[in-house]
């Protein structure tokens, strides 16, 4: 993968539940992380006392975070209402020339901030709430 512009990473929300994902915020910074827990099965018979892991087990998760500005009042409302409802919604994270990660996510953090001489910004964090798919582009 060659160098890409960070502004081309897009976070999109399915607003109508029909799979029509639209960008809901002007995120200036974005991050996508995949994690997988391990299951240690090391025992007294493990070769050379090296740790052994159980293949294909453990909990996998994806986390998305970012900060930026809301592009309009409707997108602010869409995100804020989902946070306070604890809603699980379909989201997409588009990575240019790589692929699209899609799945159910819940907003786990929503923070607002601003300087006296600047715009209001927000920070958002989402955690996967089920299987996540990846489609290469």
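Among residues that are touching a residue at least 40 places away in the same chain (Cβ under 8 Å), touching a strand residue (DSSP E or B) at 6+ places or on another chain (Cβ under 8 Å), loosely packed, with under 11 Cβ neighbours inside 10 Å and closer than 21 Å to residue 12 by Cα, residue 137 is included. So in the stretch 103-126, with the set limited to residues that are under 16 Å from residue 92 (Cβ atoms) and without any contact (Cβ under 8 Å) to a residue 40 or more places away in the chain, which one is surrounded by the most Cβ atoms within 10 Å (Cβ to Cβ)? Step by step, filter the stretch 103-126, then rank; the result is 107. The conditions of being within 15 Å of residue 28 (Cα to Cα) and either buried (at least 18 other Cβ atoms within 10 Å of the Cβ) or in contact with a strand residue (DSSP E or B) (Cβ under 9 Å, 6 or more places away or on another chain) (or both) are met by residue 64. Screening the stretch 118-135 for residues that are part of a strand (DSSP E or B) and modelled with pLDDT under 90 and picking the one that is farthest from residue 97 (Cα to Cα) gives 120. Of the strands (runs of 3 or more DSSP E) lying entirely inside the stretch 12-80, the ones with 1 or more residues being without any contact (Cβ under 8 Å) to a residue 40 or more places away in the chain and closer than 29 Å to residue 119 by Cα are found at 21-23, 25-36. Any idea which residue in the stretch 33-61 is modelled with the lowest pLDDT, counting only those that are more than 30 Å from residue 111 (Cβ to Cβ), under 27 Å from the mean Cα position of the chain (by Cα) and loosely packed, with under 10 Cβ neighbours inside 10 Å? The extreme case among them is 56.
The values are calculated or read from the model by the stated rules, or taken from the named source; none is laboratory data. All figures in this text were calculated on a predicted structure; none of them were measured in a lab. As a convention, Cβ positions derive from the backbone with ideal geometry for all residues, glycine included, and neighbour counts pool all protein chains shown.
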